[in-house]
Amino acid sequence: MKCLKQVLSFCFILLSNVVVAQSSISVEYKEWCPLPEYISGGTNIHKLILYPTYSVYFQSKFIKNNSPYFAASEPEDTFKKANDLLFKFYQGKKILFLSPKINKAYFVVSDSLNLMKWKIQKSKPIRYLGLDCYEAKAHFRGRNFTAYFAPKIKKSDGPFKFSGLPGLIIKVAADDNYTIWQAIKINYNEKVNVGLTEKFKEKSIPFHTYASWQKLEDKRAIKELIKRYPTAPGEIRIHEFPHLEKNLQL
């Protein structure tokens with residue numbers, strides 16, 4: 001009987017370890033733009049789920065403002081597109097994400113992982129969510145960014161395409177204040193499993209192809225806007241669409 005109890009006890013411990021091994025870390029990030037001229041309908045909340053060999057990043061919710069200006073609902077297509085996924089595959093050092101709509105279609109785009117060449121700063125740590133976080137800086141596709149990472153969480157990952165630091169990125173901000181991401185919640189026992197959807201099983205296009213198509217799409221859209229809403233001489237016209245990856249560099 002004693003031997004049976006020991007076997008059952010061992011099985012229970014083994015089973016518990018398997019359950020723990022199957023759980024993953026997830027992080028919720030708040031994303032916002034602090035520029036005074038930026039008009040926002042609310043706050044984006046994104047979620048990053050970290051698995052052993054890959055991660056997935058997506059918008060989990062949108063908290064609307066109470067302003068009457070934004071009383072109308074967002075178009076369903078806009079919210080649906082905002083929930084598209086971004087995958088980072090650690091071993092293949094590859095990123096897969098869906099492009100914005102180009103010529104009435106979305107494309108799966110393949111990009112490189114660890115795109116940023118970080119310089120870790122010699123400064124005292126800052127506390128975020130009870131973690132010591134250290135400062136690092138990098139230039140990425142037309143913008144300079146400052147990040148704070150937590151070495152205690154040994155995951156070289158972060159929001160959007162940010163990765164490559166010796167610890168999880170807790171906060172990252174564009175130095176021109178275009179966008180800021182900050183972790184607001186960490187779940188060390190995430191059991192939700194998000195895998196590749198059917199769309200992501202389609203053949204992908206390389207980032208440089210997407211970049212050239214996107215630039216052409218922007219020019220077409222600007223011409224359409226000017227044609228639809230002509231301006232008087234001397235008035236400011238739209239010259240480009242804003243992108244987080246400002247220069248869409250390769």
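Is the shape of region 107-214 rounded, prolate or oblate, going by the alpha carbon gyration tensor and its root eigenvalues a ≥ b ≥ c, with a/c under 1.5 for rounded and a/b larger than b/c for prolate?
Judged from the Cα gyration tensor, region 107-214 comes out oblate (a/c at least 1.5, b/c at or above a/b).
How many nm separate the modelled label positions at LYS215 and SER60, each set 7 Å beyond the Cα in the direction of the Cβ?
3.7
Do the alpha carbons of any pairs in LYS191/LYS215; LYS64/LYS203; LYS30/LYS155; LYS104/LYS185; LYS61/LYS219 sit beyond 29 Å of each other, and which pairs?
From LYS191/LYS215; LYS64/LYS203; LYS30/LYS155; LYS104/LYS185; LYS61/LYS219, over 29 Å: LYS191/LYS215; LYS64/LYS203; LYS104/LYS185; LYS61/LYS219.
Given the peptides 186-195, 167-176, arrange them by the average over their residues of other C-beta atoms within 10 Å, most packed first. Kindly include the intermediate steps, with their values, before the conclusion.
On the way: 186-195: 13.1, 167-176: 21.0.
Per-residue Cβ counts within 10 Å, averaged per peptide and sorted highest first, yield 167-176, 186-195.
Please quote Rg/Rh for region 137-178 to two decimal places, taking the Kirkwood radius as Rh and restricting both calculations to Cα atoms.
0.97
Using 0.36 nm times the number of residues separating ASN177 and HIS139, minus their current alpha carbon distance, what extension gain do you get?
12.3 nm
Computed from the coordinates by the stated procedures, all read-outs in this text should not be read as laboratory data. All values derive from a computational prediction rather than experimental measurement. Here the Cβ is made from the backbone with ideal geometry for all residues, glycine too, and neighbour counts use every protein chain on show.
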